[in-house]
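The values are calculated or read from the model by the stated rules, or taken from the named source; none is laboratory data. Keep in mind that this is a model prediction, so the values were computed, not measured. Virtual Cβ from ideal backbone geometry, glycine too; neighbours counted across all protein chains shown. Heavy atoms of the whole protein, side chains included, go into the accessibility calculation; ligands, DNA and RNA do not. Shrake-Rupley method; radii C 1.70, N 1.55, O 1.52, S 1.80 Å.
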Amino acid sequence: MEPGGASATEAQFRVGEWIADPMGNRLVRAGEVRRLEPKVMDVLACLASRPGETLPKDALMEEVWAGTVVTDDVVARCISALRKALGDDARVPRYVETVRKRGYRLVAPVTPVEGGQAATEVAAGAIVGASEAVAEASSSVSDASGTLQAASHALAEASAVLAEAAEAAADLAARTESSEAPDAAGEKQKGKE
């Protein structure tokens, strides 16, 4: 790692079943892509530069956060986020092991990745991600279509009720007018007498 957290090499590498892409801050596995915060990726790259070695928290802080004052909690949070992204469990680690009172160790095998292999995995991840986005959008459109149909049906029912109310109001007005008409005529006749 270089000062400020940039890794000496930004080359992709395989850690266990994942391909780590430091430049893209992502992990790729069989078409699945997981995004990482830059410092979380820096922690992974730092651990991967010395697989199997226990790195004290202080060494991680110096390499990843060079020149910045951070607490142990910041390192612990990054390790937790890294484990979550990798699908790892602190109690039964397959990737990142906590060595009590010492630091952290990457226990998964680390190997360099050929450019074509990484590109294929990343492309597969992009295709899967795009397919999932299309499926989600399609589901949203379907939901919206159902909602629109329900709203259209409710509007039609409301229009029918409104038409019935208008008809009832017209009938009432006509009856009221017809019942007032003789009285009005009768009053006019009384007035002439």
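Remarks
- With a simple spin-label model that places each label point 7 Å from the Cα along the Cα-to-Cβ direction, the separation between Glu114 and Ala163 comes to 7.2 nm.
- Per residue accessible area of the stretch 10-105, 1.4 Å probe, in Å²: 51
- The label point for Ala30 and the one for Lys84, both projected 7 Å from the Cα toward the Cβ, are 2.3 nm apart.
- Rolling a 1.4 Å probe over the protein heavy atoms leaves Leu162 with an accessible area of roughly 120 Å².
- Gain on full stretching of the segment that runs from Thr71 to Ala156 - 0.36 nm per residue minus C-alpha separation: 24.3 nm
- Between Glu136 and Glu37, the FRET efficiency from the beta-carbon distance, with R0 = 22 Å, is close to 0.40.
- Calculated from backbone phi, Karplus (6.51, -1.76, 1.60) coupling profile of the stretch 147-157 in Hz, x at Gly/Pro: 5, 5, 5, 5, 5, 5, 5, 5, 5, 4, 5
- Computed accessible area, Thr68, all protein chains, 1.4 angstrom probe, square angstrom: 80
- Listed values for the stretch 45-51 are Karplus-derived 3J(HN,Hα) couplings in whole Hz (6.51 cos²θ - 1.76 cosθ + 1.60, θ = phi - 60°), namely 4, 5, 5, 5, 6, 9, x, and x replaces Gly and Pro.
- Each Lys or Arg adds one and each Asp or Glu subtracts one; over the other residues with Cβ under 11 Å from the Cβ of Ala108, this totals 0.
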